[in-house]
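Some notes on the structure that comes next.
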Amino acid sequence: MKGIFDYFRSPRQGSAKVAKERLQVIVARERSHRSGPDYLPALHRELLEVIRKYVQVGDEAVQMSLENQGNCEILEVNITLSEPERQE
Amino acid sequence: MARIVVITSGKGGVGKTTTSAALATGLALEGRKTAVIDFDVGLRNLDLIMGCERRVVYDFVNVINGDANLRQALIKDKRTDNLFILPASQTRDKDALTEAGVEKVLDELSQEFEYIVCDSPAGIERGALMAAYFADEAIVVTNPEVSSVRDSDRMLGILSSKTRKAERGEGGLPARLLLTRYAPERVERGEMLSMEDVTEILSIDMLGVVPESQSVLNASNAGMPVILDEESDAGQAYRDAVARFLGEDRPHRFLSTQKKGLFGRLFRG
Ligand SMILES: Nc1ncnc2c1ncn2[C@@H]1O[C@H](COP(=O)(O)OP(=O)(O)O)[C@@H](O)[C@H]1O
Ligand SMILES: [Mg+2]
């Protein structure tokens, strides 16, 4: 049962905020993969393997995004060697 | 020529069949001759929700295979004029819905009906792809919950690339969202994604918001589409959605808790 104290809590501080942030990240990522060429996931995997020959990194170390600028396609690859501190 | 609408989602159990029954009934109530097709091969359920399960003789796959003609397989709704149901087959053969077969049945229905509502199965396999392939537009049913929203986005991707319209280069399938099982009190407590959140995440038009409601279970128990329960919040929300579907501009309702308690009034303004 919810007590009257629940009414004192300020709204929108619950788990929905986290859900929204996580969804925005995953939806953006999946959309960019979807629109990109089929070889992107494999390229991503192999880049990780190559980097791991030299440095230990997590799966999130390599971030790729494909953009169209005019008639030019730009693949941006960001490699983070030390994990930034988690914000959660 | 009929307008073909697919009710889809990716995730199961979000309210596709409930919505298909409500939309088809709502369109028929507005005088539009409507057929609703159950594409969930092996898991027929639309018949139960429409309350015609005892009148099923032939099904969708029988018609595709030529064992019966459409006239024999279509079930005329007993409560609502202008409304016909084509039940799913209970066969375990998942390949029973051939592309040519589905196209033939839809073409034939198109001669006679104004709207064809396709109740998609869950998933992104053959049945779901077939339900969407020939559609003119889609309604994506989503619950305000992470896995449902993500699956809806995947489905939106499929609708924009894997349909006949897309393959013919006519652009992606126009799609709108129907947010169901919405619990305003939980949204207000910050425990559930709000309508605005979901709209923002998916960047897609909202056809309607249907509240979580006991009336849906009552209606399915009775075998009566919930839209016929005019007293209920869910029934009214579906009426609004049908009106919007037909081009009317109606504000969204049932987005906040109607009856605020004393404390709610005092502290939340
Ligand atoms: N607005 C709602 N409020 C309460 N229960 C609902 C609502 N919409 C659907 N349900 C319930 O959710 C379950 C799944 O609904 P259904 O329409 O069969 O989903 P799907 O076809 O997507 O699998 C059913 O038990 C149904 O009664
Ligand atoms: Mg269903």
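The values are calculated or read from the model by the stated rules, or taken from the named source; none is laboratory data. Since the model is a prediction, treat every value here as computed from it, not as a measurement. Note that each Cβ is placed from the backbone with ideal geometry, even for glycine, and that neighbours are counted across all protein chains shown. These accessible areas exclude ligands, DNA and RNA; they are computed on the full protein's heavy atoms, side chains included. Shrake-Rupley method; radii C 1.70, N 1.55, O 1.52, S 1.80 Å.
Most simply put, the protein assembly as shown has about 25% antiparallel DSSP beta bridges, counting only bridges with both residues inside it. Taken along its principal axes, the alpha carbon cloud of segment B:23-64 reaches lengths of 31, 21, 17 Å, longest axis first.
Run a plain Debye calculation on segment B:1-44 (Cα atoms as equal point scatterers, no solvent) and give log10 I(q)/I(0) at q = 0.34 Å⁻¹, rounded to two decimals, same order as the q list. Here the Debye-derived log intensity ratios amount to -1.35. Taking all protein chains together and rolling a 1.4 Å probe, B:MET155 ends up with roughly 0 Å² accessible. Taking max minus min of the alpha-carbon positions on each principal axis, segment B:46-169 gives extents of 39, 32, 31 Å, largest first. Just so you know, the Cα atoms of segment B:123-217 work out to an Rg and Dmax of 14.5, 46 Å.
Which log10 I(q)/I(0) values does the protein assembly as shown give at q = 0.09, 0.12 Å⁻¹ under the Debye formula, counting every alpha carbon as one identical point scatterer? Results for the protein assembly as shown at q = 0.09, 0.12 Å⁻¹ read -0.59, -0.94. When the P(r) of segment B:1-116 is calculated, the portion above 19 Å amounts to 42% of the C-alpha pairs.
Summed over qualifying helices (DSSP H, 4 residues or more, each -39500 (n - 2.57)) and divided by its residue number, the protein assembly as shown shows a 222 nm mean residue ellipticity of -12000 deg cm²/dmol. Note on A:SER15 and B:THR98: with the Förster distance fixed at 45 Å, the Cβ-Cβ geometry gives a FRET efficiency of about 0.50.
Of the two radii for chain B, the radius of gyration is 0.98 times the Kirkwood radius, both from the alpha carbons; that is the Rg over Rh value.
With a 10 Å cut-off around each Cβ of B:190-196, the average count of Cβ atoms from other chains is 4. The B-A contact accounts for approximately 2000 Å² of buried accessible area, totalled over both chains at a 1.4 Å probe radius.
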